[in-house]
1. Which one of Leu158, Leu151, Leu133 is in contact with a strand residue (DSSP E or B) (Cβ under 7 Å, 6 or more places away or on another chain) and either loosely packed, with under 12 Cβ neighbours inside 10 Å or closer than 19 Å to Asp84 by Cα (or both)?
2. Can you work out which of the residues in the range 89-117 that are surrounded by 20 or more Cβ atoms within 10 Å (Cβ to Cβ) and closer than 13 Å to Thr63 by Cα is nearest to the chain's Cα centre (by Cα)?
3. Restricting to the range 13-28, what's the tally of residues that are assigned to a helix (DSSP H, G or I) and surrounded by fewer than 15 Cβ atoms within 10 Å (Cβ to Cβ)?
4. Which of the residues spanning the range 134-158 are more than 26 Å from Ser97 (Cβ to Cβ) and in contact (Cβ under 8 Å) with a residue 24 or more places away in the chain?
5. Condition test on Ser98, is it closer than 18 Å to Phe18 by Cβ, out of contact with any Asp or Glu (no Cβ under 9 Å at 6 or more places or on another chain) and among the small types (Gly, Ala, Ser)?
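Coordinate-derived values only; no laboratory data. Every value quoted in this text rests on a predicted model; they were computed, and no experiment measured them. Backbone-built Cβ (ideal geometry, glycine too); neighbour counts: all protein chains shown.
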Amino acid sequence: MKGEDRKEEIFETAAQLFGERGYNAVSMRDLAEALGIKAASLYNHISSKQELLSTIIISVAETFTEGMNKIISSRKSVVEKLDDVIELHVRITIESSSALASLNNDWRHLKEPDLSYFLDMRESYEENFRKILKAGVKKKEVKKLNIEVMLFTILTSLRTLNQWYSKKQGVDQAELSAQMKQLLLHGIILD
């Protein structure tokens, strides 16, 4: 196996194990065993377990950030932007469920400077989501409800989608997106 392929396999397996057991419960020996190699061989490809966690979490966080930046800068209506946010979460949940579980559950184990970088991305993401909701209220596309309550309710559902999806894999992405949009946006969109 080529070096880059092996490294990718290591990150994918680590994401799966971290997602299933949590970062603290997975040792380098566990990872090596899952890969069918010796623990010492892992260090030919990575420097530490912390590197694995940082790479997994930062990669997913950057994907969310890039997606949100495209959504916020688009000329779409507020409702279309909200639809796109939900589609972004559903897509990442389906494509990167294990990595997303690490992001949601293990980000507190990040070390500086990765922790600050991650927290900055998360804060920026939430602020952009808040801007979309505020614009919706201002343009009378979204009901005049408490912005923070709307943000919390929608984001909590989207952030924990991977917990449900990991048990229900095989659900059609388009159907899941459509139903999530209907359920999450029906209560806030003005007709």
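1. After ruling out the rest, the residue left standing is Leu133.
2. So, considering only residues that are surrounded by 20 or more Cβ atoms within 10 Å (Cβ to Cβ) and closer than 13 Å to Thr63 by Cα, the one nearest to the chain's Cα centre (by Cα) is Leu100.
3. Result for the range 13-28: 4.
4. Ala135, Gly136, Lys139, Lys140, Glu141, Val142, Lys143, Leu145
5. The answer is no for Ser98.
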